[in-house]
């Protein structure tokens, strides 16, 4: 019994590390006359996943699904409002695009999903 418990304790960190993660990345480049260039390789989720991390240079971001804008998140200090960490995405196709920072001509956002 002791050996089984020790074995399970030894394996638990590895079980955590093998959780499937994926990323969704988007860019925006300011254009002339309010015409921005949006770039994102869409992701197709086959299971529900949550946002566990956010990276990039932006003042927030918005998620688009197959039916249009799904949710917008705005940055206040270093926190996204409404709270983006933990936001769930159900199976479907998604795009993400950053809101540009003031006085910046481009921005990026990378969502880490698990």
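Quick check: residue separation of residue 106 and residue 57 times 0.36 nm, minus the Cα distance between them. What number comes out in nm? Walk me through the numbers before you get to the answer.
Values: separation 49, 0.36 × 49 = 17.64 nm, distance 0.84 nm.
Taking residue 106 through residue 57 to full extension adds about 16.8 nm, to one decimal.
How far apart, in nm, are the 7 Å Cα→Cβ label points at residue 19 and residue 67?
2.8
In a Debye calculation with equal point scatterers on the alpha-carbon sites of segment 40-95 and no solvent, what is log10 I(q)/I(0) at q = 0.17, 0.19 Å⁻¹?
Result of the Debye calculation: -0.55, -0.69.
Starting with the highest mean, order 70-82, 91-103 by the number of other Cβ atoms within 10 Å, averaged over the residues of each peptide.
Top to bottom by mean Cβ count within 10 Å: 91-103, 70-82.
Please list the radius of gyration and Dmax for segment 20-113, considering alpha-carbon atoms only, with Å as the unit.
12.8, 42
Quick note: the coordinates plus some simple rules give every number you see, no bench work behind them. Just so you know, these numbers come straight off a predicted model, no measurement behind them. Note that each Cβ is placed from the backbone with ideal geometry, even for glycine, and that neighbours are counted across all protein chains shown.
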